[in-house]
Each structure stands twice: as C-alpha cells, then as structure tokens.
Amino acid sequence: MEDDFEIRWARQREARFAKSAARLASLTNLILPELCGGLWHITHPDRFKSILNSGAILPEPDILDGARYCTGLGKDHYPYVRSLGGVSLFDFSRFDPDAYTEEYPLSTWATFVPYRTDWGSSVWIEIDREQVAPHLISGFELLAKWKSDGAHGHNIMPEIEAAHIGPIPRTAFKRAFLVGKADT
C-alpha cells in the first residue's frame, strides 16, 4: 500500500514539474523574440527601483555579495565583467538559442530567460547601443579578452555577454519590462 502511495506521489510530482517546465518554455518563446536584436541588462524588481533612484546601473551597487550572481567562491571567481569594473549585459543581436546551446552547452543563459526563477520575476532593461558604444565591450571582444587575460577562473557567457565599463546612465535606457512567474 505504501509503495502505491509513493508511486502516485512521485508521478504527481513529475506531472507538476512537467507542467511548470512547459509554462516556462512557453513564456520563453514569447519573451525571447522581444530580447533578440537588443542589448539588455536584467535585474531584480527591487534593484530596478534602486537603479531608478540612483539614475544609473552601477558596476558595484550597494548589494551584498551573497545576493549577487556567482560570488560564492570569492573575488578571484567573480563574474569576469565585474572583475573589469563593468556592468554585465546580454547582447542578443545575433542570438540563435539552439545554435548557441549546441556551441556552448555549459552556458547559463537559460537561467535568466525569461526571468530568474529564484527571484520570481525580473526586469529587463533595453540599453541604447549607440549611446553606450564608447564604453561597450562586445560579447566577441569580451570573450577574446577573457581568453587573452587567462581569466578562466571568472565566469563568462561566451559571445552573448557584453560589458559596459562604468555606470550606465538612465538616459541610455530604451525601455524596460517586468516578467515573472505570474506571467506563466
């Protein structure tokens, strides 16, 4: 009798996971076309409010390291863009998710698109490429620099992660939108 209960419970759990994954995939299919072709920063809704208040996306905002992406191993392993004093951006100008995933199967781009599930929602901020161009390192240039610097201890998302060195002023924002679990 107990085995039947455990089997039913496991099957129901698998069905819930499958349903949740299908909703997330459906939302990704809606959001990804919005992102493709653009230069984007993703942030938590509370951090977005701080960005608006400060007037810029800051390379070193007043956020505890434990709340930041990939900081658990310490400064020597911070994301590469952060080690350069930059703001991490997604450059989806030539992005094909299937080809990219095949080329870079360990990339964590799907952790962010359509939103950070551990946050419950995310704000995507589109950045005006022309306005930030003087301080922008493209994804391809950033990957080459990461390799030439031998910075293999620092995380990078090859080709799609770009860097803006220094703060990004609010005047460089083209638009922003919120996406989250409530949208699934």
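What follows draws every value from the coordinates through simple rules; no lab data is involved. All values reported here derive from a predicted model rather than from experimental measurement. Positions of Cβ are generated from backbone atoms using ideal geometry, with glycine treated the same way; all protein chains shown enter the neighbour counts.
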Checklist entry - Rounded, prolate or oblate: which fits region 28-184 when a ≥ b ≥ c are the square roots of the eigenvalues of the alpha-carbon gyration tensor, with rounded for a/c under 1.5 and prolate only if a/b beats b/c? => result rounded
Checklist entry - Which of Tyr80, Tyr100 comes first, and how do the rest follow, when ranked by fewest Cβ neighbours within 10 Å? => result Tyr100, Tyr80
Item to check | Proximal aspartates and glutamates relative to Lys147, as straight alpha-carbon distance under 17 Å, when same-chain residues fewer than 8 apart are discounted | outcome: Asp76, Glu103, Glu159, Glu161
Checklist entry - Can you list the residues, at least 5 places off or on another chain, whose amide H is less than 5 Å from the amide H of Ile127, using H built in the peptide plane? => result Leu39, Trp40, His41, Lys174
Checklist outcome for this item: Counting sequence-distant residues (5 or more places) and residues on other chains, those with an amide H built under 5 Å from that of Phe95 are Gly37
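Only counting other Cβ atoms within 10 Å, I'd like Arg175, Arg47, Arg170 sorted with the fewest neighbours first. Please list the in-between numbers first.
Numbers: Arg175 11, Arg47 20, Arg170 14.
Listing Arg175, Arg47, Arg170 from fewest to most nearby Cβ atoms yields Arg175, Arg170, Arg47.
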